[in-house]
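Data first, discussion second: the structure below is written as structure tokens.
Where a number appears in this text, it was derived from the coordinates with a stated rule and is not lab data. Because the structure is predicted, anything quoted here is derived from the model rather than measured. Every residue, glycine as well, gets a Cβ built from its backbone with ideal geometry; the counts of neighbours run over all protein chains shown.
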Amino acid sequence: MGNDLALGKMVTSGDAGVQLWDLGKHEFFNKLVLTEYPEHALHLTVQISDDQVSWVDIYKAASADLVKGGRTIAITVDNLSTRYIRVLTEPAIDEAEACPICQIQVYNLESVKAHMIEHLGLYGGKPQAVKASKESFHLYLFIGQSNMSSRASIESADMVAINRAYVFNGRHEWEKAENGLVDNLPQITMIQGLNRYASVEVSTKINGYSMASTFAQVITDHVPGIEVGIISNARGGTGLAEWQKGAGTGLYEEAVRRTREAMKSGTIKGILWHQGERDQNEPESYLSNLYRLITDLRNDFQAPQLPCIIGQLLHTKNAIFNQTLTTVTEFIPYSNWVSNEGTASIGDGTHMDNASQKLLGQRYAERILEHYSNELAANGKGNASL
């Protein structure tokens, strides 16, 4: 949609107080505008669905809030996608003839500036000395859109540093791999996950519990004698085209810049990619375009066999797209994918919850361990450390 609006096609629901729109295909959006809803409605609920079976509430308002809003409501959301939108209203008793909603406008508002670089200041917490040698300090780049940034909650049990693991901050220093605040960004008052030092994520977004945390825990548990460094530089709401080298957004260039800085003290061992909500309507071209991105990254890191692992979207998203991701090994050498089985959203139908982030983190780690175990076996090194 870009900055354009999509006008949904009204579908007759047959139920009083229920308005249903079909956008014709999955659309990525971050703003809805409703006009001409029942003036004296007792409440108004907006829901979205990919299949008209499972519905997710994205907005609720009582009569007092509706009066304040007049006959137009603008609803801002955090980068969701859907095909169907349903509006539920309950007219007041004295309003037998409820005025129907005349129009719904669906927007995907993008930044006015093409560049998506948000933070270039020297920000970070207490630095930690890496004990491992450069060869034994294994680095992993985590990039993609909002499920890689994470919007999941951080539980009290998650407030523990991961032994032998570090996160790369904005000062080009290593910190303990743990959830926390950004010491010299006082405007951030909520505990953040490992994407909090991303140079491209919007500062008002919450970087929740990251799959990178579980990933680092699994790797260090299974591979003695190494340490793990996490470079997380994801940004919500981004499409694959915006991540390509030379796209003008800075997403690719920042991922490379930060990784090269990190590589001064370690060895890059993998690219972890989780993205696709913006691209799920174009499954036929996705993997060939992803091949271009991964090839450019491998060339810039001078690591032609660097493994790349990708992940499926939530099962509520485009099934053809998710199935396409399972064929990644046919398009990209030294790649693999992880399943969405058992995952769930935080309630918005798009963003994975805490348990799902942990599940995917484990699966990403298992794929990396599998890759290097196969490589070692091929080289006749048995089960030696990676």
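What to note about this one:
- Based on C-alpha pairs under 8 angstrom that are at least 6 apart in sequence, the range 245-353 has a relative contact order of 25 percent.
- Label-to-label distance for Ser153 and Lys264 is 4.1 nm, based on points extended 7 Å past Cα in the beta-carbon direction.
- Long pairs among Lys31/Lys205; Lys205/Lys269; Lys176/Lys205; Lys205/Lys317; Lys134/Lys264, criterion Cα-Cα beyond 18 Å: Lys205/Lys269; Lys176/Lys205; Lys205/Lys317
- Two-site FRET efficiency, Val33 against Asn281, from Cβ-Cβ distance with R₀ of 22 Å, rounded to 0.05: 0.50
- C-alpha center-to-center spacing [the range 283-345, the range 219-256] in angstrom: 14
- Extension gain for the segment His315 to Asp51, taken as residue separation times 0.36 nm less the Cα-Cα distance, is 93.9 nm to one decimal.
- Around Val256: net Lys/Arg minus Asp/Glu count, Cβ-Cβ under 13 Å: 0
- Within the range 152-169: backbone nitrogen closer than 20 Å to the Thr204 label point (7 Å, Cα to C-beta): 152
- Calculated FRET efficiency for the pair Glu330/Lys134, C-beta based, R₀ 25 Å, to 0.05: 0.15
- Projected area, mean over directions - the range 279-322, Cα convex hull, nm²: 3.3
- Distance between the modelled labels on Ala62 and Lys126, one decimal in nanometres: 4.5 nm (7 Å Cα→Cβ projection).
- Peptide packing for 209-222, 173-186 was compared via the average number of neighbouring C-beta atoms within 10 Å per residue; ordered from the highest value, the list is 209-222, 173-186.
- Whole-number D in µm² s⁻¹ for the range 139-295, Kirkwood Cα-pair radius fed into Stokes-Einstein, 20 °C, 1.002 mPa s: 134
- The alpha carbon centroids of the range 177-217 and the range 133-158 are separated by 9 Å.
- Cα Rg, Dmax, the range 218-296, angstrom units: 14.6, 44
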